[in-house]
Structures are given as structure tokens and as C-alpha cells.
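Okay, so here's the structure we're looking at.
Laboratory data are not the source of any read-out in this text; all were calculated from the coordinates shown. Since we're looking at a predicted model, the values are computed, not measured. Here the Cβ is made from the backbone with ideal geometry for all residues, glycine too, and neighbour counts use every protein chain on show.
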């Protein structure tokens, strides 16, 4: 099989290395890599700088897209699928916005669309979810899906760092991007819980409909109170479907009891906990980010295509309505400007918004 | 597809129910169920009481074996594979003793052999391990694989019960068998870690070579000391391969720090933690036993056969030598008859055996 690679950054180089290490019997080669002209020295004749050099290459059967961003990746994915090339991507922004279109195009053109690395990084959660759904209806999903923020919260807690110092450390250690806003505000998590929910509940959800509240308001005073109350603070996405076919979904700081499995999910680790109709409380835990874990997920997808196992048997997803009542199932910790706090049931949105910081309590 | 079912006990009935609930497009029916004549009233004309009524039925493409025991299941599995029928089993005793023979027979006869439910119950750990190994070499496995003993240790700890009372409660709640010796002494775990290690390290291991030390010596005094020292006691299997191609493998009570992910694995739950060459610290957590979780794993296997995804690409496993040096990597807690205890490095087998109770410390 001839593989085209879009993007030769950290993840792209990881993919390249792992593909070279694959069992020779798979017979995979990478004749073309798309990136900027600056990569000429590293890539030599393999470098192409026009996406259509790969999209229109009839010898290329499959592509890996690890460019980042939205517009170019979207054009790459659509173009390749229309030409019957299987596509593997790690791009959560594009996948969360266009999953149905990609799945349907793959069906129509008799190729595969794989996105294991787009949620949960190196944790094989998407394949497991798709497999499991054949037998087991998912009732709800509960997940820590962002390594950057989990790293920050862990370092603040364990090293007694300020938010700013923990963020600096995260950047220094490669766990936060130069502009971490999408991570800190929860938008990255919104995209990932959207992908998992779309699969679990077999429908489309708009990212814009998913409520998210970030962790930039956390400080040491708040963390000390939360610890004293017997909880750990995690940045958690929750999603479930009610009987009216509406999705209840929220991304917000969440206090978990210290003996909850999520309390021991630390640093850059992620975890996803499912409750299902026949198999309850299934949890997957692993590295949610990083070049090699992410590349591992991508190359696992590639192997599933090589072995004809990359099959998603649902298409034409329904549009799912988002219902914001999920909040009413929980108590909330509300911290005020003057340092006073309370943990109470049935809070209003107004109370939450008027607080200095709040967290759901489970 | 016509499915033959061997065994109509708790798990067999769960399988029957889940197969009836499968999407109609799979077109699966169960024309014959093997069990004792006493099941005639429940099964009517579907009941067969001679295993060869299914083994030699040319219309049956695939069988599920959930009989328990060794000799009859072995004959069933061998007979069906030789006749080209795919086999799905939950039988850890048979799988741990004959995995290579079954995999090779399936290859020779162009059918599948699936055993997801034989280790980790409802956790999809075997499929994930097989998939992951295409890209990611496993360095070591660390696992809680027995729901009965984990339930007993949890109830002793949380309800302050004696060992005997916790065992009674486990039996009452269906988490322990009438004769729980294989669970309490670790033999059940030996079989499961053998299966996982055989896959991870691509070789055969004899159950007899795997050292195991049970939990029957645990009492409240010991648990209190362990808790005071900042640990939780778990019954853990560990396995790794060294550079000489030897497997280091042990099953023994293990003290895990309270902030370790295993400390929050409670009651009948199981967990399996892998470290790999490209994807480190991947953990799977879920129910290790129970009719419906186990049946879910079995029917997931069935779906993978129906979708032509049930493929194991290694055969002719090497015989792996077991090296007992794993012990030397850890400290041990040694509790004496007189109530004195110490935590020390480099203990001898003689010291361990002379103690009233011991546990590895990680």
C-alpha cells in the first residue's frame, strides 16, 4: 500500500517512524509527504507542497492527515475520500464538525474514514466504542479529555503551584501550546466529547450547542478548600441521552471524591468512563496527547485498514438536540469573590455566572 | 449465520438473550443448544444432549462454548475447529492450557478462535491487546483479574468485615463460587495472566510455572497496618519479558499506594495496565465477572466474526521460560505470627514462606 502523509510536524514524524517499523508483510511505503517548502531538507524528493499532488495521485491508496487547523484539512479529507482514498486523521476540530459527511463519503466511495487519535489521544477508545456499540447501548459518558488542563490541575495540587506557574511548566514540558485558550476554556474538550457522543448516540451535535466553562478561575485557595472537603478537582466532560432523544452534555470543572477512579488520573493522562446497557462502568485510561501515543493510534487505524477491519456500520446520523438539564442532576460548589463558598443543589445559571468560580460535585 | 450454543447456565442464557437482541441485519439464529436433559423444559426442541449433534452439524457455522470445566470443552473446541466452525469461548482453564493449538487449528481450518471473555470478563482487553500489538510492543502487564477476591478485600476494608464474613457476603451476592479455592489461592488469576502474557509476549507459558500466593491469610489486623502505611491491598498479577526472552510473572497480594489507579478498583471490578514501547500506561477497567458483562464480551466476539474482523495473525508460539526474578524488583511487607511486621528489600523465598502473611509493595 502507498500512503500519503499530510503534515511532517511532531505527530507526522512519529507516524513516519512507526510506519517504517511496521511488519514488512504489510508492505506499506510513504512516497509523498505534504508540508511547507521549508521541510525540503528533511524530506527531499518526497516533499510535495500542493495538496492535490497527493489527492489526485492514483497510486496512493490511503492518507494520514495531521496538519492541524480546519480549512486545508477539510479540503484534503473531502478530496481524498471522493477519490476513494481511505483517510486517517487526528484532527478533532474537523472531525467534530463534519463527522457525518466524512462517514457517508467513505461509504459512498468504498473506502474507510478513521479518527482514533481525534479523541483520547493514545487511548483506543473510539474503536472500542464502535465495537462495543454493536452489543451494548451507551447510557452515558464521563471523561477527562484534555492533557494540558489535567497536567495544570495536578501540578497545582501536588507542587502547590499557582495557576500561572503550572501553565508555564506545562508549556515548558510540551504539554501546553503557545496559545492554550482552546484547552483552558474547554473548547478542545467540547470537540472530543462531541466526537464520542456522536458515535455513542449515533447523531450529530453542534459544537456551539455544548456548554463549557473553563479552569482559568482556579487558584490555590480554591484547590485547598476542595481538598479539605474530600475531593479532587478535574476538568470533566459529561454526556448522556434522554428518552426524548436529546443529548445532555456539559464540559466543566468537576469535584470527584478521592476514591473515584478519576481522582488518580493525573498529569497528561486522560480517562473515559462509559455506562452501557449490558456492560456498565467500562473505563479506559492512558496518555491523551504526545507525539508517539497519538502516532500509535494513527498507525493502529492504518493497520485496521490494511487488515480490512476499519468498518463503521452507521451513516446518515440524526441531528441531536442538546438539552441543558444535565446541570440539574448535580450539586454545585460555588466560590464567591469574598472567599465564601457553599455546596448546594438546584443552582440557577445566574448563580453560577455570578460566582468567582464554580465546579460540579459528583 | 447459524450459531450452536454449548451451555445454558447463567452466561449461556445471557448470550442467548443478547444474540436475540442483535441487529436483524446480522441474521443470526441459534438452532441448537447443548446442555443436560434437565433443560428440556426451557429449551424444548433446541436442546441437544450429545456434543456431536452440534460438532457434526454442517449447517452450524459458529459455536459459543460456556460449559466450564476442562475435558468436555476441550473436545468441543477441537471438534468444532477441525470441522471449520469458528469458536468463541469464555473458558480460561482450557484457553490458558491450549491457546496455541486452538489458534493454529483455526488458521488451518480457515475459521476464527475468539476468547475475549476468558480474561478480564466484560473488559475488551484481549481485542485491544491484539490490535495494539501490531504497533506497540508490550513491556509489562499489571492486573487485577479476579472479581471475587477484589470484592472480599474491598468489603473487609470498607465494612470492617472478617475474611470469613466477606467471603460469605461474596457468595451471597453471587461474586464467589460455592468452592472458591481457585479464586482465593490465585489459580484463576494464573490462568488469566497466562492468556494475556501469551498474547503480549507471543509465546506459551505453563500454568504450573506461574508462582501464586493467595489471600486467605489476610485479616483485619493486617489490613489496618497496610492502610496506616498508606497503601491499599490488592491481589495483583504482574508479567514482563526480559531480554533473554524469559517471562517474569507472579500472582500475589500487592500493596499499592492510595493514589495509584489500582487503589480505586473496588468490589467486583478488574483492571489491566499495560506499558508498551510506543504507548505507555494504558489501563482498562470494568466488570471482570457477571452474566451480562461476560455475555457482552462473547457477543462482541460474535459480531467481529460476522463482520470478518476476528483475525489473529500469529501462530506457532514459542515456549517461553518463566524466570522467578520478578520478586527481586520489589520490596515486600512481611507479617509475622506474633503481629510484628517489616517492609524490606531483597527478601528470600524462605523468609516469605516462613511469614504468616506477605505482600509485594509497589
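For residue B:164, which inter-copy label distances result when the label point lies 7 Å beyond Cα on the Cα-to-Cβ vector, reported in nm to one decimal and in ascending order?
Label-point separations across copies, in nm and ascending: 6.4.
Taking every residue in A:122-135, how many Cβ atoms of other protein chains lie within 10 Å of its Cβ, on average?
The shielding value for this peptide is 6.
Per residue of B:228-239, what is the mean number of Cβ atoms on other protein chains within 10 angstrom of that residue's Cβ?
Values: counts 0, 0, 0, 0, 1, 0, 0, 0, 0, 0, 0, 0.
Per residue, the average neighbour count from other chains is 0.
Counting only C-alpha contacts under 8 Å and six or more residues apart, can you give the relative contact order of chain B as a whole percent?
On the way: 727 pairs, mean separation 67.1, N = 362.
About 19 percent, as a whole number.
Which order do peptides B:293-302, B:86-95 fall in by mean Cβ count within 10 Å, highest first? Before the final figure, lay out the partial values.
Values: B:293-302: 28.5, B:86-95: 25.2.
Peptide ranking by packing, descending: B:293-302, B:86-95.
Which residue in B is nearest the B/A rotation axis when you measure from the C-beta atom, and what is the distance in Å?
Result for the B and A rotation: B:309, 2.
As I understand it, the value is the acute angle between the Cα axis of helix A:291-306 and the longest principal axis of the Cα atoms of chain A; what does it come to in degrees, rounded to 10?
Long axis of A:291-306 versus the principal axis of chain A: about 50 degrees.
Using only Cα atoms, find the angle between the long axis of helix B:163-172 and the longest principal axis of chain B, and express it within 0 to 90 degrees, rounded to the nearest 10.
20
Evaluate peptide B:273-280: per residue, the Cβ atoms of other protein chains within 10 Å of its Cβ; return the mean as an integer. Present the calculation step by step, with values, prior to reporting the outcome.
Working: counts 2, 1, 0, 5, 3, 13, 14, 7.
Partner-chain Cβ atoms within 10 Å, mean over residues of B:273-280: 6.
Per residue, how much space in cubic angstrom lies within the convex hull of the C-alpha atoms of segment A:79-161?
Details: hull volume 10.3 nm³, N = 83.
Once divided by residue count, the hull of segment A:79-161 is 124 Å³.
Mind pulling the angle between the C-alpha long axis of helix A:147-159 and the longest principal axis of chain A? Nearest 10 degrees, somewhere in 0 to 90.
Once rounded, the angle reads 40 degrees.
Among B:238, B:25, B:206, which comes first, second and so on when ranked by fewest other beta-carbon atoms within 10 Å?
Values: B:238 23, B:25 8, B:206 13.
Taking fewest neighbouring Cβ atoms as first place, the list is B:25, B:206, B:238.
Could you list A:315, A:241, A:85, A:266 so that the one with the fewest beta carbons within 10 Å of its beta carbon is first and the one with the most is last? Let's see the in-between values first.
Working: A:315 13, A:241 22, A:85 25, A:266 18.
In increasing order of surrounding Cβ atoms, one gets A:315, A:266, A:241, A:85.
Could you list B:5, B:105 in order of exposure, starting from the residue whose Cβ has the fewest other Cβ atoms within 10 Å?
B:105, B:5
Where both residues lie in chain B, what percent of DSSP beta bridges are antiparallel, nearest 5?
60
222 nm [θ] for chain A, helices only, -39500 (n - 2.57) per DSSP H run of 4+, per residue, to 500?
Calculated mean residue ellipticity at 222 nm is -10500 deg cm²/dmol.
Would you mind listing the distances between the residue B:281 label point and the same position in each other copy? Use 7 Å along Cα-to-C-beta, nm, one decimal, shortest first.
So the label point of residue B:281 gives 2.3 nm to the other copies.
Looking only at the protein assembly as shown, where both bridge partners belong to it, what percent of the DSSP beta bridges are antiparallel (to the nearest 5)?
On the way: 76 of 126 bridges.
Looking only at bridges with both residues in the protein assembly as shown, the antiparallel portion is about 60 percent.
In nm, one decimal, shortest first: how far is the label point of residue B:37 (7 Å from Cα along Cα to beta carbon) from the matching points in the other copies?
In nanometres, ordered from closest: 8.8.
Over segment B:1-72, what relative contact order in percent results from Cα pairs under 8 Å that are six or more residues apart?
Numbers: 99 pairs, mean separation 33.8, N = 72.
The normalised contact order for segment B:1-72 reaches 47 percent.
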